[in-house]
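The values are calculated or read from the model by the stated rules, or taken from the named source; none is laboratory data. Since we're looking at a predicted model, the values are computed, not measured. Here Cβ is always computed from backbone atoms with ideal geometry, including for glycine, and neighbour counts include all displayed protein chains. Heavy atoms of the whole protein, side chains included, go into the accessibility calculation; ligands, DNA and RNA do not. Shrake-Rupley method; radii C 1.70, N 1.55, O 1.52, S 1.80 Å.
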Amino acid sequence: MSDKYYVVNQRAVPEVLLKVVEAKRLMDMDKSMPVQKATEIVGISRSSFYKYKDDIEPFHENAKGRTVTFVLQIDDRPGLLSSVLKLIAESHANILTIHQTIPINGVASLTVSVEILANSGDASEMVESIKAQSGVHYLKILSKE
């Protein structure tokens, strides 16, 4: 059976999976921390940790060396596309493709494919900074290859 992968918003992820991620983060920060202590701190059982530890990791940790494609809806405003592309460049990601539709009612759809390089910053921070940009109405990750 082949694995299927999904990109989901954090609010849709069950709490136990978020706690597994947090336990893994604690153990990464303190290499000597045993699983038992990390799971006690975050409030899950060791069996839950072992059941899910290989099935979840933060987006930024497995994005390196991958191509991420996302779609945005942005205001048709001079300089906004440039600002979005600047945020990508500041994250040291490589822009592979850009496609912008003709604006309808002052809003354009934009599809961008970005290569997350080894020296790129945190991909999830890049996405959040784009979402926070004034004039960006919507951002959704379509794929990660």
Check: Could you give every pair whose Cβ atoms fall below 8 Å, whose first residue belongs to region 1-14 and is open to solvent by less than 100 Å² (accessible area, probe 1.4 Å), and whose second residue is part of a loop (DSSP other than H, G, I, E, B) and modelled with pLDDT of 65 or more, counting only separations of at least 6 or pairs across chains?
Finding: Val13/Ile56
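Is it true that some residue in region 108-124 is free of Cβ contacts under 8 Å to residues at least 40 places away in the same chain and more than 18 Å from the chain's Cα centre (by Cα)?
The initial filter retains those residues of region 108-124 that are free of Cβ contacts under 8 Å to residues at least 40 places away in the same chain, namely 108-110, 119, 121.
Those still in the list that are more than 18 Å from the chain's Cα centre (by Cα) too: 108-109.
Yes, that holds for at least one residue.
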Check: Taking helices (runs of 4 or more DSSP H) that do not extend beyond region 8-97, which have at least 2 residues that are within 16 Å of Ser113 (Cα to Cα) and modelled with pLDDT of 90 or more?
Finding: 80-90
Check: From Val71, Val112, Val84, Val107, which residue is open to solvent by 40 Å² or more (accessible area, probe 1.4 Å) and of a type in the set (A, V, I, L, M)?
Finding: Val107
Notebook entry, point to check: What do you reckon, is Ile102 surrounded by 13 or more Cβ atoms within 10 Å (Cβ to Cβ) and either hydrophobic (A, V, I, L, M, F, W, C) or outside any helix (DSSP H, G or I) (or both)?
Noted result: no
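Table: residues versus (1) small (Gly, Ala, Ser); (2) farther than 26 Å from Gln10 by Cβ; (3) without any contact (Cβ under 8 Å) to a residue 60 or more places away in the chain.
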{"position": "Arg77", "(1), (2), (3)": "no, yes, yes"}
{"position": "Leu85", "(1), (2), (3)": "no, no, yes"}
{"position": "His92", "(1), (2), (3)": "no, no, yes"}
{"position": "Ile95", "(1), (2), (3)": "no, no, yes"}
{"position": "Ala132", "(1), (2), (3)": "yes, no, yes"}
Next item on the list: Give me a count of the residues in region 88-99 that are surrounded by fewer than 16 Cβ atoms within 10 Å (Cβ to Cβ) and either small (Gly, Ala, Ser) or over 20 Å from Arg77 (Cα atoms) (or both).
Entry: 7
Item checked: Matching residues in region 105-145 - criterion: being at pLDDT 90 or above, part of a loop (DSSP other than H, G, I, E, B) and within 15 Å of Glu90 (Cβ to Cβ) -> Gln133
